[in-house]
1. Do we have residue A:25 as within 29 Å of residue A:137 (Cα to Cα) and within 14 Å of chain B (Cβ to nearest Cβ) here?
2. Contact list please: Cβ distance under 7 Å, first residue in region B:28-45 and more than 22 Å from residue A:32 (Cα to Cα) and not assigned by TED's automatic domain parsing to the domain that holds residue B:108, second residue open to solvent by less than 60 Å² (accessible area, probe 1.4 Å) and part of a helix (DSSP H, G or I), pairs at least six apart or on different chains.
3. Any residue in region A:189-197 that is under 16 Å from residue B:173 (Cα atoms) and surrounded by fewer than 18 Cβ atoms within 10 Å (Cβ to Cβ)?
4. Sort through A:32, A:9 and tell me the only one that's assigned to a helix (DSSP H, G or I) and within 11 Å of DNA strand D (Cβ to nearest atom).
5. So, residue A:32, is that one open to solvent by 10 Å² or more (accessible area, probe 1.4 Å) and closer than 27 Å to residue B:117 by Cα or not?
6. In region A:105-121, is there at least one residue being in contact with a Phe, Trp or Tyr (Cβ under 7 Å, 6 or more places away or on another chain), among the aromatic types (Phe, Trp, Tyr) and within 11 Å of chain B (Cβ to nearest Cβ)?
7. Please specify each residue of region B:36-61 satisfying the condition of being in a helix (DSSP H, G or I), more than 14 Å from every other protein chain (Cβ to nearest Cβ), within 11 Å of DNA strand C (Cβ to nearest atom) and not aromatic (Phe, Trp, Tyr).
8. Residues to consider are B:9, B:71, B:83; find the one that is more than 8 Å from DNA strand C (Cβ to nearest atom), in the same structural domain as residue B:196 (by TED's automatic domain parsing) and modelled with pLDDT under 95.
There are 2 protein chains.
Amino acid sequence: MGLLERREKEKDSRRMLILKSARTLFFAKGFKNVTVDKIARFSELGKGSIYLYFNSKEEIYAQILLHDIDKFHRQARSLLNKKKTATELLFEFAYLYVDFFLNDPELFRILMAFMLHTDQMNLSEEQYKKVIADMRRSIDIINNIFQSGIDSHEFPSGIDIKYKQFALWGMLNGIIALHIFSGSESKRKEKIRSTVKSTLQVYINGLKQG
Amino acid sequence: MGLLERREKEKDSRRMLILKSARTLFFAKGFKNVTVDKIARFSELGKGSIYLYFNSKEEIYAQILLHDIDKFHRQARSLLNKKKTATELLFEFAYLYVDFFLNDPELFRILMAFMLHTDQMNLSEEQYKKVIADMRRSIDIINNIFQSGIDSHEFPSGIDIKYKQFALWGMLNGIIALHIFSGSESKRKEKIRSTVKSTLQVYINGLKQG
DNA sequence: TCGATATGTGACTAGTGGTCAGACGTTTTG
DNA sequence: CAAAACGTCTGACCACTAGTCACATATCGA
């Protein structure tokens, strides 16, 4: 059935077109200041058509997050191939993460909106679970790094990896939020790197102590 | 002029009444699901009256945050009077902070909404600065604790307090967000305490190492 | 060619934040 | 005491927007 297949592909490319338009608009003006009608016009579609591909404005927002988490995950995975110490890998992961999610603050806003407002965002249970699963998958990379550090006796074997990975992830999110809050746009990237470096260094020193 | 004074007081008590109503509703249903009209009805006022005391729905939201930050600050200040080591004080501050802002997740949502959406929240410059200043004031308590730790040689003198206090605050926020995201309502409080304990312990160990 | 199916549309509905002309009550003034 | 001035309150009203749906158009199989 080549036809159905082509249809699927076309449908998918429409979806991607809408997502791309929405992304541009959201990142330029923020969620509240973008109307579904604007997304439609920008995609050269009627408003009704948007709702053929998505069930709500919020769903579009969430889908952007899903798409980007996937992109991040691929980049983060590739870190593991590098021949580096676990400490170095943790730093690289941390830098990658903060750069990725701070690169455009709106992306981080979506992540936070999702984390904090899950119950109020009209998403299907399915979609909700998918975001969680995808996010977990990326956080698990921290887990892998920790484990390799233990295997190589870089970290003491007693540490409770499961907790530590989430704590570290939380730390990174907190630092990003902090810099969006207080940092001026221009110097943000350098400043956050130095905060991450200093914080992570202290944390890892503490970890190594056991 | 006893009359003007009484008027001022009455006006202020109306403001507080509205804030209290709004708080109840926001905390029960979340920002998006509460209408200004509902706040008005709950306060036994007409909708127009709300706008005599506040300029926008968002301003009400922000004022709740301001009110609670103040409450937190008073509690946190009183910690400093205790005769404890800096390490102990850091733990107490951290517990107080996460308990306070997680006690009702909506409060943390307001904080985050404010941190992340400042540009999109129609607040006056004045109000915005007030929130920053008030928040800073509370974070400075961490600074005081660090300083006392250095003075008592509990921490090495070389550490860069300014950075560390913000990093620590960011960490706490990240951990709260993490638990709102993934924790089930019931066990949240115990779980977050143990995460905070473990994370902070590691961090402080690292700090002490210099 | 014709019917069926998939895709697209924008006028319309329902609901919301915010405004404002006028009502009402209280104080001041002549 | 009358009435003007002031402060407070109000809900009908406006502007805007997420989401719907009856209808239009395009594509395809028979």
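1. Spelling it out, residue A:25 is indeed within 29 Å of residue A:137 (Cα to Cα) and within 14 Å of chain B (Cβ to nearest Cβ).
2. That search, which allows pairs on different chains as well, returns B:40/B:49; B:40/B:50; B:42/B:21; B:42/B:25; B:43/B:18; B:43/B:21.
3. No, because not a single residue in region A:189-197 is under 16 Å from residue B:173 (Cα atoms) and surrounded by fewer than 18 Cβ atoms within 10 Å (Cβ to Cβ).
4. Matching residue, one of A:32, A:9: A:32.
5. Here the answer is yes, as residue A:32 does meet what is asked.
6. Yes: one or more hits.
7. B:36, B:37, B:38, B:39, B:40, B:47, B:48, B:49, B:50, B:52, B:59, B:60 - these are the residues of region B:36-61 that are in a helix (DSSP H, G or I), more than 14 Å from every other protein chain (Cβ to nearest Cβ), within 11 Å of DNA strand C (Cβ to nearest atom) and not aromatic (Phe, Trp, Tyr).
8. Checking each option against the conditions leaves just B:83.
The values are calculated or read from the model by the stated rules, or taken from the named source; none is laboratory data. Please read these numbers as outputs of a predicted model, since none were measured by experiment. Don't worry about glycine lacking a Cβ; one is built from the backbone with ideal geometry, like all the others, and counts go over all protein chains shown. Heads up: the accessible areas ignore ligands, DNA and RNA and are worked out on the full protein's heavy atoms, side chains in. Shrake-Rupley method; radii C 1.70, N 1.55, O 1.52, S 1.80 Å.
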